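Only one structure is covered here, and it is reproduced in the block below.
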Amino acid sequence: MSTAIASPHAFKADAAFLRGLGRAFAGALIFALPMLMTMEMWQLGFYMDPLRLALLLALTVPTLVGLSRFGGLRPTARLRDDVADALVVLLVAALAATVTLYIFGILAPGMSAREIIGKIVLQTVPGSFGAMLARSQLGGEPEGEREKDPPTYWGELFLMGAGALFLSFNMAPTEEMVLIAYKMSAWQSVSLALVSLGLMHAFVYALNFKGGSARPDHIPAWSLFARFSLVGYAIVLGVSLFSLWVFGRTDGDSLKEIISASIVLGFPGAIGAASARLLL
């Protein structure tokens, strides 16, 4: 009988895959660590509405598939590869959350299955973002070797929404969002919305950050502002409202309180939306 000998190319491919998984695990920890050590997230994992948690996880999957196209675990050319990578990073993020929460004593014998699953799933969402972006942020290959297709207009809007979701997710579970909204007057809410919109536009188009976009000569400044920054901020507010609703922060509130809380959460959301375009 003959023994098959793996080729050097196969060994290199396996080593690259293992390095990618290691970076994904590290990315999951880096991105999710603030949430892994936040008491509100531990409590939410216990009492959060299972249907809302399931919806959040269901929406996370297509978001990860989209992120895989711009900066995933590996360069991909087919949708099925992006889907596979999205499922892989979910598993890696769930493993990172499980190990960390167990070491911290947050997961313990005697807990109900619902509480354990809720805590792990809730932490898996931010961790999966970090795992998916690990190659673009933690990868060892030179910047010039990272093949990335320039995003289309809809791709730009998607990246804004993904960035807003990540930072909004970090802030929405905290009581401070509701407290700040309660303390702010109407004119302060309007001022914060204008500041958020201005910062969002400046980060990408005006301050010449690395990864930012220069304004094309043939596109007027007002058109760029309206098509990207204004529409992007509307997406940010939508993501903020969704995040507050998922975590039950809008339950029983008046319309005024909900709008104010969405604007408050939209401040970090706008920074996240701008940063996502800069990072990717």
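The values are calculated or read from the model by the stated rules, or taken from the named source; none is laboratory data. All of these numbers come straight from a predicted model, not from anything done at the bench. All Cβ positions, even for glycine, are placed from backbone atoms using ideal geometry, and neighbour counts span all protein chains on display.
Here are some notes:
- Hits in the range 35-70 - residues which are touching a residue at least 24 places away in the same chain (Cβ under 8 Å), of a type in the set (A, V, I, L, M) and within 14 Å of I120 (Cα to Cα): M35, L36, M37, M41, L44, M48, L53, L56, L57
- Residue check for A86: surrounded by fewer than 15 Cβ atoms within 10 Å (Cβ to Cβ) and within 20 Å of the chain's Cα centre (by Cα): no
- Some residue of the range 58-67 being modelled with pLDDT of 90 or more, of a type outside the set (S, T, Y), farther than 27 Å from Y153 by Cα and part of a helix (DSSP H, G or I): no
- A96 meets each of the listed conditions (1) surrounded by fewer than 21 Cβ atoms within 10 Å (Cβ to Cβ); (2) within 20 Å of the chain's Cα centre (by Cα) apart from (1).
- In the range 101-115, the residues that are surrounded by 11 or more Cβ atoms within 10 Å (Cβ to Cβ) form Cβ pairs under 8 Å with partners that are assigned to a helix (DSSP H, G or I) and of a type in the set (S, T, N, Q), at six or more places apart or across chains, as follows: L101/Q123; L107/T98.
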